[in-house]
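Have a look at the structure below, then the notes.
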Amino acid sequence: QVQLVESGGGLVQAGGSLSLSCAASGGAFSRYSVGWFRQAPGKEREFVAGIPWSGGPRYTDSVKGRFTISRDNAKNTVILLMNSLRPEDTAVYYCAAKATLGLYVNYDMYNHWGQGTQVTVSS
């Protein structure tokens, strides 16, 4: 059973950068597909970026060219580097994982979740 812990959130001005980390323990993390999701107040949780255990990453349109997801299986870590942040990126960001070959954008397909980390972008 894998456990996930996010870190790296905070307050940043528009145009700034943050790097979120998702650290995993308790499972064969290299065989998990990992997604980053976010949820703003009053809104549904939405897919931001994901990386399968084998294959290329995927991004939602609003973050393409600004966010980069990567994984280091030796360190059981997935990083979400966020550049050119905008106020509309403000949300709680969650890391999610599933022991599967494919990558899903639907949050209800994931069965392992971190506690979330707050990202606030001021204008």
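The values are calculated or read from the model by the stated rules, or taken from the named source; none is laboratory data. From a predicted model like this one, the values you see are computed outputs, not experimental measurements. No Cβ is skipped: glycine too gets one built from the backbone with ideal geometry, and neighbour counts run over all protein chains shown. Ligands, DNA and RNA are excluded from the accessible area calculation, which covers all protein heavy atoms including side chains. Shrake-Rupley method; radii C 1.70, N 1.55, O 1.52, S 1.80 Å.
Side notes on the structure shown:
- Some residue of region 102-111 being in contact (Cβ under 8 Å) with a residue 12 or more places away in the chain and within 23 Å of residue 13 (Cα to Cα): no
- Here region 80-114 is the region considered, the condition is being open to solvent by 60 Å² or more (accessible area, probe 1.4 Å) and touching a Leu at 6+ places or on another chain (Cβ under 9 Å), and the residue that is farthest from residue 29 (Cα to Cα) is 81.
- Leading residue by the ranking (least open to solvent (accessible area, probe 1.4 Å)) among those in region 63-79 that are basic (Lys, Arg) and either closer than 20 Å to residue 3 by Cβ or in contact with a helix residue (DSSP H, G or I) (Cβ under 6 Å, 6 or more places away or on another chain) (or both): 71
- Scanning region 81-120 for residues that are out of contact with any Gly (no Cβ under 9 Å at 6 or more places or on another chain) and aromatic (Phe, Trp, Tyr) turns up just one, 113.
- Test: residue in region 72-94 that is within 11 Å of the chain's Cα centre (by Cα) and aromatic (Phe, Trp, Tyr): yes
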